[in-house]
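See structure below.
Just so it is clear, none of the values below were taken in a lab; they were calculated from the coordinates. Owing to the predicted nature of the structure, the values given are computational and were not obtained by experimental measurement. Glycine also receives a Cβ, built like all others from the backbone with ideal geometry; neighbour counts cover every protein chain displayed.
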Amino acid sequence: FESSTKARSTTKPPRLSRPTTPRWISSPPKGGSHLGRRQSDGGRKATHGSGKIVSVNISENKGVAKTPKRQGRVLIGHGLEGDAHAADWHRQVSLLASESIEKMVSKVLEVGPGDFGENLTTEGIDLVSLPLGTLLGIGSDVRLEVSQIGKECHDRCAIYYQAGDCVMPREGVFAVVRKPGVVAVGDKIAVLETPLHQADDSLVVVTDN
């Protein structure tokens, strides 16, 4: 579920154009913080790794579980059409692996796709291990660039109070749209490229204060 931070970034996240110093894929929201991995310098390399989309989830309001759909359209500079979290910021589309959801099911919770506020539920791809700047391909058209790993939750969600834990802050992945198109259940999701110098393992909180 969403952080209590409401402010949005006023600039689009920069593209990976061979930076010469360590930097962030996207700017932190003004007045808030950005939780992610720092990326070192260097272009991209081809790689592999794939899975599939098992659910496309949309909600018209924030702070509620998203409703699973058969498909949805992602737009550049926006995110998933019709979703409350879509905006011109660094967290346009959220992803969570079904394997992560299963960890919560093992705690005897009746939860499923969309209950953690993710837009796309995946299967078979290790999302949380992807470095910032990874380019993902979905179906034949859509391209997403990983912009944030995990999130900082200022308020405990209902799932946390039920289970004493929530997987989204640790294993949720956020991305910006690099190429628009329709995402549908059953679409292949694959790692197309990763930065030549992958991110380090430390999580860093950056503020603009």
| query | If the chain between Leu109 and Asn61 were fully stretched, how many nm would it gain, using 0.36 nm times the residue separation less the Cα-Cα distance? | reply | 15.0 nm
| Given H placed on each backbone N at 1.01 Å, which residues far from Asp115 in sequence or on other chains put an amide H within less than 5 Å of it? | Lys66
| said: Using amide H atoms built in the peptide plane, which far-off residues or other-chain residues are under 5 Å from Leu192 H to H? | reply: Leu135, Leu136, Gly137
| If r is the Cβ-Cβ distance from Lys188 to Ala87 and R0 is 30 Å, what FRET efficiency results, to the nearest 0.05? | 0.65
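Pull out the extension gain between Leu75 and Leu196, defined as 0.36 nm times the separation in residues minus the alpha carbon to alpha carbon distance; nm, one decimal. Intermediate results must be reported in sequence, preceding the final value.
Details: separation 121, 0.36 × 121 = 43.56 nm, distance 2.71 nm.
Stretched fully, the Leu75-Leu196 segment lengthens by 40.8 nm.
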